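Participant: The structure follows.
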Amino acid sequence: MEAKPCIDSLAVKNSHVLPPDTNSHGTLFGGKLMAYIDDVAAIASVRHCRQPVVTASTDSVDFLQPVFEGDTICLEAFVTWTHNTSMEVFVKAITENLLTGERKVCTTAFLSMVAVDEHNKPTPVPPVYPESKEEKWLHEGAGKRREQRNLRRKESKELAEMFGTGLPWKSDE
């Protein structure tokens, strides 16, 4: 497969924050923002591999700035790194007060997306290469982030085994 530049996968999503999107503090629901992040990451990864994708993981999502009712939210996503069937996608969310023009980065996140075939089995993706200074910086750190994801996934599996599906969460020891 021919390698593609990071910028070819760029996806941008804009939305106006309306009253049904907000909590009792008048700010965007965190879960709504997380859904936007997952959606734009999926668009970027499909744009890169031209295959259906599934979300394998979302790294920590830190809410750096509130997003108020009446603001807009702009999310930008692109593939930063690939590994066989998976892609790391970087997402940046910017909030803008339309009346003042003030813009702030409110969230950044990395997601791992996996390309799947018609049987929902992982399928290879093309390599990606960085061009800009920022893309190179993200690309160079991807291996370390992948190691951290793999460790976190192992710990999540251990938690799932320990807690299982039953209640209460109490051992007989």
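Participant: Any residue at all in the range 110-127 that's at pLDDT below 95 and in a strand (DSSP E or B)?
Facilitator: No, that holds for no residue.
Participant: Do we find that Ala77 is modelled with pLDDT of 95 or more and of a type in the set (A, V, I, L, M, F, W, C) in this structure?
Facilitator: In short, yes.
Participant: Need pairs with beta-carbon distance below 7 Å; first residue under 14 Å from Gly70 (Cβ atoms) and within the range 22-34, second of a type in the set (D, E, K, R); sequence gap 6+ or separate chains.
Facilitator: Correct list of pairs: Thr22/Glu69; Gly26/Glu69; Leu28/Asp21.
Participant: Which count do you get for residues in the range 144-173 that are modelled with pLDDT under 90 and in contact with a Ser or Thr (Cβ under 8 Å, 6 or more places away or on another chain)?
Facilitator: Selection size over the range 144-173: 0.
Participant: Take the range 15-24 and flag every residue that is surrounded by 13 or more Cβ atoms within 10 Å (Cβ to Cβ) and outside any loop (DSSP other than H, G, I, E, B).
Facilitator: The answer is Ser15, Asp21, Thr22.
Participant: Whether any residue in the range 46-56 is at pLDDT 95 or above, under 14 Å from Thr95 (Cβ atoms) and either outside any helix (DSSP H, G or I) or in contact with a Cys (Cβ under 9 Å, 6 or more places away or on another chain) (or both) is what I want to check.
Facilitator: Within the range 46-56, none of the residues are at pLDDT 95 or above, under 14 Å from Thr95 (Cβ atoms) and either outside any helix (DSSP H, G or I) or in contact with a Cys (Cβ under 9 Å, 6 or more places away or on another chain) (or both).
Participant: From the set of residues in the range 104-119 that are in contact (Cβ under 8 Å) with a residue 60 or more places away in the chain and out of contact with any Leu (no Cβ under 9 Å at 6 or more places or on another chain), which is farthest from Pro66 (Cα to Cα)?
Facilitator: Among those that are in contact (Cβ under 8 Å) with a residue 60 or more places away in the chain and out of contact with any Leu (no Cβ under 9 Å at 6 or more places or on another chain), it is Asp117.
Participant: OK, next. Could you grab the pairs with beta carbons closer than 6 Å, sequence gap of 6+ or different chains, first residue in the range 149-169 and exposed (fewer than 10 other Cβ atoms within 10 Å of the Cβ), second one not basic (Lys, Arg)?
Facilitator: Final answer for the pair search is Trp169/Phe163.
Participant: Inside the range 128-143, can you point out the residues that are loosely packed, with under 13 Cβ neighbours inside 10 Å and either part of a loop (DSSP other than H, G, I, E, B) or at pLDDT 95 or above (or both)?
Facilitator: Glu131, Ser132, Lys133, Glu134, Trp137, Glu140
The values are calculated or read from the model by the stated rules, or taken from the named source; none is laboratory data. Predicted model only: the values in this text are computed from it and were never measured. Cβ coordinates were reconstructed from backbone atoms using ideal geometry, including for glycine residues, and neighbour counts include every protein chain displayed.
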